[in-house]
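K.L.:
Below you will find the structure I want to go over with you.
No lab work stands behind these numbers, since they all come straight from the coordinates. Bear in mind the structure is a predicted one, so any value in this text is a computation, not a measurement. Glycine gets a Cβ as well: all are built from the backbone with ideal geometry, and neighbour counts include every protein chain shown.
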Amino acid sequence: FSQIGTESAWRIQNTKSIFEAAKDRNIEILYDDAKQKQSNQLKAIRSFIVYQVDVIVFVPIVSDGWDNVLQEAKDANIPVIVIDRQINADPSLYAGFLGEDGFEQGKSAAKFLINKCNNSPKKKFNILELAGTANSSIAVSRAEGFREIIEKDARFNFIHSEDGDFLRSRGKEIMDKIIAKNGGLKIENNSIDVIFSHNDPMTLGLLESLDEHKILPKNTIIISIDAEQESIDALKEGKLNCVVECNPNLGPTLMDLVQKISAGETIPRSTYMQETVFTEDD
Ligand code: AHR
């Protein structure tokens, strides 16, 4: 199992869920933490091939660049399951995908926003977007799903979008920079009315920055994705308006797929997790 790292509470829970489910079924895991580098993942997958493991599972940090290593796994007759994030590769090179639907998550975030704004006297809303890791399928699909809904509504305008790499430190850094440059929660003379953040750590970093600058974002709608405990607490305290769930507990379903493949059965091309949306009204 090649994991990408420990960048978020989501990621830590994702790894834990997989280890727990494997233990329950007496499945042994050979593990590698890629420390956020695709090159480490490629090395790890190649070492799994040398070990002749029964199944390779990996979280692709970015979408491209997997064809050669997948071909090597196929040549060695080792099935591969892609989890959490999707890849751009020939589908015949891997057995299937298990994970979350980033596009739906983005759409859910946008639907909440539209509903909320329908009750507002304001006519125009400027959006700041904190984006996840560039070229990762999950950041791309969240951005696309959100835009699919928002772009049909002339009230909304993206004022700034920046890659925060799914990291808390980057969320804080981006907000610190905006405040320092513009003298508050605004860009030039335009207010930031909406913050759409692709994950909780970036959101929590951003809230930390606002807190340090003693800025109370009471006129800004803040929407996040993941639903880790700290952000649910922030939602309860009224610091966030909406948290779209991203379910990290892939372990049990993954082990079902691993056992099916090991028994020579085929698995579905794509399996998606069930997810919900938590709002200030809940
Ligand atoms: O790929 C899932 C995303 O990666 C989660 O939203 C985020 O917290 C994690 O780092």
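K.L.:
Take residue 51 and decide whether it is farther than 30 Å from residue 185 by Cα and more than 24 Å from the chain's Cα centre (by Cα).
P.N.:
Yes; evaluated as a whole, the condition is true for this residue.
K.L.:
Further question: Could you tell me whether residue 202 is outside any loop (DSSP other than H, G, I, E, B), in contact with a strand residue (DSSP E or B) (Cβ under 6 Å, 6 or more places away or on another chain) and in contact (Cβ under 8 Å) with a residue 60 or more places away in the chain?
P.N.:
Yes: the conditions hold for residue 202.
K.L.:
Let me ask another. Among the residues of the range 212-226 satisfying the criterion of being closer than 15 Å to residue 112 by Cα and of a type in the set (A, V, I, L, M, F, W, C), which is farthest from the chain's Cα centre (by Cα)?
P.N.:
221
K.L.:
Looking at 212, 228, 173, which one is closer than 28 Å to residue 62 by Cβ, more than 16 Å from the ligand (Cβ to nearest atom) and acidic (Asp, Glu)?
P.N.:
Sole residue among the options that is closer than 28 Å to residue 62 by Cβ, more than 16 Å from the ligand (Cβ to nearest atom) and acidic (Asp, Glu): 173.
K.L.:
Quick check on residue 78: is it more than 16 Å from the ligand (Cβ to nearest atom), part of a helix (DSSP H, G or I) and surrounded by 14 or more Cβ atoms within 10 Å (Cβ to Cβ)?
P.N.:
So residue 78 does not fit the description; no.
K.L.:
Something else: Please enumerate the residues belonging to the range 10-30 that are among the polar types (S, T, N, Q) and touching a residue at least 60 places away in the same chain (Cβ under 8 Å).
P.N.:
Across the range 10-30, the qualifying residues are 13, 14, 17.
K.L.:
Say we look at the range 232-252 and pick out the residues that are under 21 Å from residue 15 (Cβ atoms) and in contact with a strand residue (DSSP E or B) (Cβ under 6 Å, 6 or more places away or on another chain); which of these is farthest from the ligand (Cβ to nearest atom)?
P.N.:
Of everything passing the filter in the range 232-252, 250 is farthest from the ligand (Cβ to nearest atom).
K.L.:
Residue by residue through the range 162-199, note down the ones that are outside any strand (DSSP E or B), more than 17 Å from residue 239 (Cβ to Cβ) and among the basic types (Lys, Arg).
P.N.:
170, 177, 181
K.L.:
Next question, about the same structure. Which of the following residues is part of a loop (DSSP other than H, G, I, E, B) and on the phi > 0 side of the Ramachandran plot: 36, 86?
P.N.:
Sole residue among the options that is part of a loop (DSSP other than H, G, I, E, B) and on the phi > 0 side of the Ramachandran plot: 36.
K.L.:
Exactly one condition in (1) without any contact (Cβ under 8 Å) to a residue 60 or more places away in the chain; (2) under 30 Å from residue 36 (Cβ atoms) is not met by residue 132; state its number.
P.N.:
(1)
K.L.:
Mind telling me which of the residues 41, 13 ends up being crowded, with 22+ Cβ neighbours inside 10 Å and in a helix (DSSP H, G or I)?
P.N.:
41
K.L.:
In the range 5-49, which residues are charged (D, E, K, R), away from the ligand (no atom under 16 Å from the Cβ) and more than 25 Å from residue 230 (Cβ to Cβ)?
P.N.:
23, 24, 25, 28, 32, 43, 46, listed by residue number.
K.L.:
Shifting gears a bit: Residue 243 passes all but one of (1) in contact with a Lys or Arg (Cβ under 6 Å, 6 or more places away or on another chain); (2) free of Cβ contacts under 8 Å to residues at least 60 places away in the same chain; (3) closer than 21 Å to residue 115 by Cβ; which number fails?
P.N.:
The one condition residue 243 does not meet is (1).
K.L.:
Could you list, in sequence order, all residues of the range 109-130 that are surrounded by fewer than 23 Cβ atoms within 10 Å (Cβ to Cβ) and within 16 Å of the ligand (Cβ to nearest atom)?
P.N.:
Passing the criteria: only 129.
K.L.:
Now for a different question. Of all residues being more than 16 Å from the ligand (Cβ to nearest atom) and assigned to a loop (DSSP other than H, G, I, E, B) in the range 131-155, which is surrounded by the most Cβ atoms within 10 Å (Cβ to Cβ)? Just the residue, please.
P.N.:
Looking at residues that are more than 16 Å from the ligand (Cβ to nearest atom) and assigned to a loop (DSSP other than H, G, I, E, B), I get 155.
K.L.:
Taking the range 253-267, which residues are within 16 Å of the ligand (Cβ to nearest atom) and either crowded, with 20+ Cβ neighbours inside 10 Å or more than 28 Å from residue 103 (Cβ to Cβ) (or both)?
P.N.:
254
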